[in-house]
Amino acid sequence: MTENYTALYEEHKKLGASFTDFGGWQMPLKYSSELAEHHAVRKSAGLFDLSHMGEVWVTGPDAAAFLDYALVGKISAMAIGKAKYSLICNEDGGIIDDLITYRRDDQKFLVVPNAGNAKVVAEALAERAGSGKDGGFDVTVRDASAEISLIAVQGPKAEEILLRLVPAAQHELITGLKYYAAVDVPFMFAGASQDLLLARTGYTGEDGFEIFVANDAAAALWQALVAIAEDGELTPAGLASRDSLRLEAGMPLYGNELSLEGDPFAAGLGPVVALSKEGDFIGKAALAAKKETGAGATTGRKLVGLKGLGRRAGRGHYPVLKDGNVVGEVTSGQPSPSLGYPVAMAYVDVEFTEPGTALDIDLRGKAEPFEVVALPFYKRQK
């Protein structure tokens, strides 16, 4: 696989990061202690490089109608300045990717797919743009992933830190920004002001922001954020802590909880699928059939949270047991730094998905007790 490097790679090297391959990208796994980075996000703020994520612009008179056809959500109902979590599925209802779409104006949308799927999603959107009725849609699909970096500041102090890089007269752009909304904000760094797209979104379960910035300005913005923060207030954080944070928040990861073999209803994402929207969309017939059959129609299983009653944690692909029989499989699992006990997400036979159900995880030949619980495991105090 080709190794890609983000525009912030040298910044990570300076900070002593350990790297790992993720979706074909060399990304920081951790800088010092993944546990310390996790707690920093929960208690203060963490600084993440998310530049491996994709950015695809969809523009033109038919942009809203096209995205209604290409994705499972009703994108046309979005107000300008808002963001929406959605899925792109194939004709069989399998999940190609989960993604966030930002509406910038009536005819301009930014679609953000996951790292390993960015090229696949961009190609699927381009293909679907020409496959609608009457010879296609009047839209332009442009993959800008190679041009844009994405920096996230996540945690209870995220807003306070970002405000220091913005003129006081513009503070309300940030303080007034709602969750799952985005706005252009004038950031002061490298001796100048630069309007950048700021979204109040994230993947940690905390309040936080994601900043879209051109590659050539990414390092300067990263350095400015590090410099403006007080000692210990903003901690660079890698993929390891991002994974433990998103797991505690019950957020699915493509390739773990979501895949082409699964379906949105089994994954607990039924509300994302707008079967009632006008017109056809890719995967509609298959998804309608899956909903009619019930959650877990594809495999007879449904995604649940599992709380460990002992000290040992389950990991991805470990079998889930009931009375010694295999009834499921772990998709993600590890000790929860915030809660102090092991947590896991797993697909389990539908009859064993009620909260309170006692199950075991097969930890290399030893059955470890777990209990089904409602997701998320962790919810921040607002």
- Query: Taking H as built 1.01 Å from N, whose amide H comes closer than 5 Å to the amide H of residue 208, not counting residues under 5 places away?
  - Reply: 155
- Query: If 329, 278, 210 are ordered by their accessible area, calculated over protein heavy atoms with a 1.4 Å probe, which sequence runs from highest to lowest?
  - Reply: 278, 329, 210
- Query: Suppose R0 equals 41 Å; then what is the FRET efficiency for residue 15 and residue 325 from their Cβ-Cβ distance, rounded to the nearest 0.05?
  - Reply: 0.30
- So for 234, 339, what's the accessible-area order with a 1.4 Å probe, most first? 339, 234
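Once you charge only the Cβ atoms, +1 for Lys and Arg and -1 for Asp and Glu, what is the size of the charge dipole of the range 47-171 about its Cα centre, to the nearest 20 debye?
It works out to roughly 420 debye.
How much length, in nm to one decimal, is gained on full extension between residue 43 and residue 92, taken as 0.36 nm per residue of separation minus their Cα-Cα distance?
13.4 nm
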- Query: Where does the chain land at 222 nm, in deg cm²/dmol rounded to the nearest 500, when only DSSP H runs of n ≥ 4 count, each adding -39500 (n - 2.57), divided by all residues?
  - Reply: -6000 deg cm²/dmol
- What residue among 356, 339, 319 has its Cα farthest toward the positive end of the dipole of the range 291-370, where the charges are +1 on Lys, Arg and -1 on Asp, Glu, each on the Cβ? 339
- Once amide H atoms are built 1.01 Å from N in the peptide plane, which residues 5 or more positions from residue 97, or in another chain, come under 5 Å H to H? 88
- Note on the structure: Scoring only Lys, Arg, Asp and Glu (+1, +1, -1, -1) among other residues with Cβ under 13 Å from the Cβ of residue 98 yields -1
- How many nm is it between the label spots at residue 5 and residue 278, if each spot is 7 Å from the Cα in line with the beta carbon? 5.1
- About its Cα centre, the chain carries a charge dipole, from +1 on Lys and Arg Cβ atoms and -1 on Asp and Glu Cβ atoms, whose size in debye to the nearest 20 is 860
- Report the residues of the range 270-288 in range of a label on residue 131: point 7 Å along Cα→C-beta, backbone N strictly under 18 Å from it. 279-288
- residue 311 to residue 367: extension gain in nm, 0.36 nm per residue of separation minus the Cα-Cα distance? 18.9 nm
- Identify, among 229, 298, 272, the residue whose Cα sits farthest towards the positive end of the charge dipole of the chain, taking +1 on the Cβ of Lys and Arg and -1 on the Cβ of Asp and Glu, with the dipole about the Cα centre. 229
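Rounded to the nearest 0.05, what FRET efficiency is calculated for residue 351 and residue 214 with R0 set to 56 Å and r the Cβ-Cβ distance?
Working: r = 52 Å, r/R0 = 0.93.
Result of the calculation: an efficiency of 0.60.
Here is the link list: 13/119; 82/108; 178/382; 307/366. Which ones come out longer than 19 Å on Cα distance?
Details: 13/119 27 Å; 82/108 12 Å; 178/382 13 Å; 307/366 17 Å.
Distance filter (> 19 Å) returns 13/119.
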- How large is the dipole of the range 229-292 about the Cα centre if only Lys and Arg carry +1 and Asp and Glu carry -1, each at its Cβ, rounded to the nearest 20 debye? 400
- Query: Can you give the accessible area of residue 148 in Å² (nearest 10), computed on protein heavy atoms with a 1.4 Å probe?
  - Reply: 30
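For the chain, which whole-number percentage of the solvent-accessible area (1.4 Å probe, protein heavy atoms only) is attributable to carbon and sulfur atoms?
Carbon plus sulfur share of accessible area: 50 percent.
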- Checked against the structure, the computed volume of the Cα convex hull per residue in Å³ among [x] 199; [y] 131; [z] 141 is the one labelled [z]
- Note on the structure: Projecting the Cα atoms of 249, 153, 115 onto the charge dipole of the chain, where Lys and Arg contribute +1 and Asp and Glu -1 at Cβ, the residue farthest towards the positive end is 249
- Item | Positive minus negative residues near residue 350 (Lys, Arg vs Asp, Glu; Cβ under 10 Å) | -1
- Task: With a 1.4 Å probe and every protein chain left in place, tell me how much accessible area residue 97 has, in Å² to the nearest 10.
- Result: 0
- Note on the structure: For the chain, the per residue accessible area (1.4 Å probe, Å²) is 43
- Message: Need the full-extension length gain, residue 119 to residue 193, defined as separation in residues times 0.36 nm minus the C-alpha distance. One decimal, nm.
- Response: 23.4 nm
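The values are calculated or read from the model by the stated rules, or taken from the named source; none is laboratory data. Treat the numbers as computed from the prediction; the structure is a model and nothing was measured. Note that each Cβ is placed from the backbone with ideal geometry, even for glycine, and that neighbours are counted across all protein chains shown. For accessibility, only protein heavy atoms count, side chains too; no ligands or nucleic acids. Shrake-Rupley method; radii C 1.70, N 1.55, O 1.52, S 1.80 Å.
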